[in-house]
Amino acid sequence: MKFLEACILKSIAVFCGSRFGVNPLFKVKAVELGKKLAENNITLIYGGANVGIMGLIADTVLAEGGKVIGVMPKSLEEREITHENLSELYIVDTMHERKQKMMDLSDGFIVYPGGIGTMEEYFEVFTWNMIGIIDKPCVLLNIEDYYTNLGKFLEQMCEEGFLNEAAFDKSILTDSIDEAIKIVTK
């Protein structure tokens with residue numbers, strides 16, 4: 001049975017930005033994450049773009065021989081930012097369908113430093129986990145303390161009675177790529 005479990009490919013959706021950010025470490029860690037995903041035979045599920053951190057992680061997984069599945073809404077495809085060398089690409093009608101498809105395809109989620117879109121994806125997964133629509137691990141990859149204040153804010157929500165402990169406990173912060181992958185794939 002353990003042999004069978006080892007053969008089952010895992011997939012992780014990585015929510016991340018279409019920009020690189022100003023800290024050069026974000027690029028370095030994106031490459032490290034891409035290499036670790038490929039090294040561990042984990043399929044990358046992501047937004048399908050060829051730009052920013054999104055494109056860099058996808059390029060790295062592909063260069064290392066890994067599998068990458070992109071999910072792109074038509075409106076963004078028309079802007080010609082779709083990655084052309086993916087293992088698979090799904091074109092969907094809306095941003096909501098994009099998130100739904102990414103959730104359906106993945107075993108768990110890593111939230112890489114990013115912008116408003118990344119946060120919106122994270123909070124939808126957080127909410128869906130909280131109300132029981134899905135039950136999949138989600139990790140905030142806290143590179144350079146990027147998500148430390150968010151963690152404090154969620155803790156304050158708990159203390160003020162707007163978020164229950166069980167939901168709070170599902171929001172995992174780590175600065176370790178290895179730990180993030182381990183949490184999401186266990």
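Every read-out reported here was derived from the displayed coordinates using simple, explicitly stated rules and does not represent laboratory data. Everything numeric in this text was worked out from a predicted model, so none of it was measured. Positions of Cβ are generated from backbone atoms using ideal geometry, with glycine treated the same way; all protein chains shown enter the neighbour counts.
Here are some notes:
- Restriction of the trypsin sites (Lys or Arg not before Pro) in the range 73-140 to DSSP coil positions whose beta-carbon has at most 15 other beta-carbons within 10 angstrom yields Arg79.
- Per residue of the chain, the DSSP helices (runs of n ≥ 4 H) give a summed -39500 (n - 2.57) that works out to -14500 deg cm²/dmol at 222 nm.
- Compared with the alpha-carbon gap, the fully stretched path from Asn41 to Glu179 is longer by 48.1 nm at 0.36 nm per residue.
- Leu163 long-range amide H proximity, modeled H, under 5 Å: Cys158
- Inter-label distance, nm, simple model (7 Å from Cα along the C-beta direction), Met119/Glu84: 3.5 nm
- All lysines inside 16 Å of Lys136 as judged from Cα atoms, apart from same-chain residues fewer than 8 positions distant: Lys10, Lys99, Lys101, Lys170, Lys182, Lys186
- For the chain: rounded, prolate or oblate by the Cα gyration tensor [a/c cutoff 1.5]: rounded
- Within the chain, longest stretch free of exposed GluC sites (Glu not before Pro) [DSSP loop, at most 14 other beta carbons within 10 Å]: 85-159
- In this structure the amide hydrogen of Ser87, modeled in the peptide plane, comes within under 5 Å of the amide hydrogens of Val68, none closer than 5 places in sequence on its chain.
- Residue exposure sequence - Cys16, Cys138 - by fewest surrounding Cβ within 10 Å: Cys138, Cys16
- Amide hydrogen proximity for Val71: with H placed 1.01 Å from N in the peptide plane, the residues at 5 or more positions away or on another chain lying under 5 Å are Tyr46, Gly47, Gly48, Tyr90.
- Whole-Hz ³J(HN,Hα) from phi, Karplus 6.51 cos²θ - 1.76 cosθ + 1.60, for the range 167-176, glycine and proline x: 5, 4, 5, 7, 9, 9, 10, 8, 9, 9
- For the range 113-186, chymotrypsin sites (Phe, Trp or Tyr not before Pro) are listed when DSSP marks them as loop and at most 10 other Cβ atoms sit within 10 Å of their Cβ; the list is Phe162.
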